[in-house]
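Worksheet: the structure to be examined is printed underneath.
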Amino acid sequence: MVAVAGNRALGRIWALLGAAGATRATYTALRKRPPGGAVLWERKNYAGRTVHLHAGLATAAGTALAAATAPGLPARTRTAAALAVLAAGGCGAYDDVFGVDDPRRGFRAHLSALRDGEVTTGAVKLFGIGAAGLAAGALLKERPADKLLAGVVIAGSAHLVNLLDVRPGRAAGAVLALGAPGLLRRGPAGPLSAAPVGAAAAVLGDDLGERTMIGDAGAHALGAALGLAIVTGNGRRGLAAHAAGLIAAAAVGDRVSRAAAAV
């Protein structure tokens with residue numbers, strides 16, 4: 001029993017420290033040699049200050065690496081974690097880079113453009129993260145209904161954290177608050193909660209200092225990781241409750257973002 005408890009603690013510690021270390025190392029490397037040049041990753045934040053988006057790529061990479069290598073996780077869980085986090089981060093980075101001048105926001109705007117024959121970066125993100133969430137859910141659950149609910153939770157969690165990314169530290173702080181209770185969960189939920197918590201903690205200071213922002217890449221990747229932890233730690237009733245809450249949050253996304261900005 002003591003050995004089992006030790007293995008569980010080791011998995012959480014590995015994921016927490018591994019994510020923090022990998023995120024910080026990637027962040028430092030990106031600052032020195034940003035892919036495509038520094039200008040590609042520079043943005044004006046809400047206050048008009050120039051910041052860079054390196055924290056987003058770094059947290060996505062750190063979270064995925066830690067979740068996929070944490071001790072004690074089944075192979076299917078590792079695969080699901082790498083798939084969901086990297087896909088969410090990749091789709092978010094695509095929108096960060098190529099959707100910067102698109103003023104359209106929200107599901108309705110991007111779906112409306114799609115009906116008119118225009119594939120926006122937001123639509124790519126929406127369907128890409130949704131598909132990855134469903135694929136990851138299929139790896140984690142056995143029954144069709146549970147697979148579907150798991151996909152909704154993973155994609156919905158990614159979207160929720162992105163809704164909160166409206167001011168410095170809001171999204172990263174939310175990841176810490178939402179992920180911390182999961183550190184006490186048994187099974188894969190513990191390490192899968194620890195990975196995004198460690199990654200978010202590694203860049204929180206720079207985010208609050210308005211030197212960087214996590215952007216869509218980081219917000220979606222961290223949110224997807226939280227969704228994975230929820231999925232592995234809940235049965236059908238828990239999944240249904242979380243899915244309902246996330247769908248409701250998405251439906252009033254503007255209000256959620258405004259509330260986060262006002263905090």
Original post:
For the stretch 158-173, what are the residues that are open to solvent by 10 Å² or more (accessible area, probe 1.4 Å) and either assigned to a helix (DSSP H, G or I) or basic (K, R) (or both)?
Top reply: H159, L160, N162, L163, R167, R170, G173
**OP:** Search the stretch 1-20 for residues being open to solvent by less than 40 Å² (accessible area, probe 1.4 Å) and at pLDDT 90 or above, and hand back the single one that is nearest to D206 (Cα to Cα).
**Re:** A20
Original post:
Can you find even one residue in the stretch 51-68 that is open to solvent by 20 Å² or more (accessible area, probe 1.4 Å), part of a loop (DSSP other than H, G, I, E, B) and under 25 Å from G128 (Cβ atoms)?
Top reply: no
Subject >> Test result for V153, buried (at least 21 other Cβ atoms within 10 Å of the Cβ), at pLDDT 95 or above and in contact with a His (Cβ under 8 Å, 6 or more places away or on another chain) >> reply: yes
**OP:** Take A241 and decide whether it is modelled with pLDDT of 95 or more and out of contact with any helix residue (DSSP H, G or I) (no Cβ under 6 Å at 6 or more places or on another chain).
**Re:** yes
**OP:** Report yes if some residue within the stretch 23-30 is over 30 Å from G187 (Cα atoms), out of contact with any Asp or Glu (no Cβ under 9 Å at 6 or more places or on another chain), surrounded by fewer than 17 Cβ atoms within 10 Å (Cβ to Cβ) and not acidic (D, E); otherwise report no.
**Re:** yes
Original post:
Considering only the stretch 115-138, how many residues are out of contact with any helix residue (DSSP H, G or I) (no Cβ under 9 Å at 6 or more places or on another chain) and among the small types (G, A, S)?
Top reply: 1
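Residue by residue, here is whether (1) under 12 Å from the mean Cα position of the chain (by Cα); (2) farther than 24 Å from L86 by Cα; (3) of a type in the set (A, V, I, L, M) holds:
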{"position": "G156", "(1), (2), (3)": "yes, no, no"}
{"position": "V161", "(1), (2), (3)": "yes, no, yes"}
{"position": "G179", "(1), (2), (3)": "yes, no, no"}
{"position": "G198", "(1), (2), (3)": "no, no, no"}
{"position": "A201", "(1), (2), (3)": "no, no, yes"}
{"position": "I214", "(1), (2), (3)": "yes, no, yes"}
{"position": "I230", "(1), (2), (3)": "no, no, yes"}
{"position": "A248", "(1), (2), (3)": "no, yes, yes"}
{"position": "A261", "(1), (2), (3)": "no, yes, yes"}
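The values are calculated or read from the model by the stated rules, or taken from the named source; none is laboratory data. Since we're looking at a predicted model, the values are computed, not measured. For neighbour counting, all protein chains shown are included, and Cβ atoms are generated from backbone atoms with ideal geometry for every residue, glycine included. Surface areas here come from the heavy atoms of the whole protein model, side chains and all, with no ligands, DNA or RNA. Shrake-Rupley method; radii C 1.70, N 1.55, O 1.52, S 1.80 Å.
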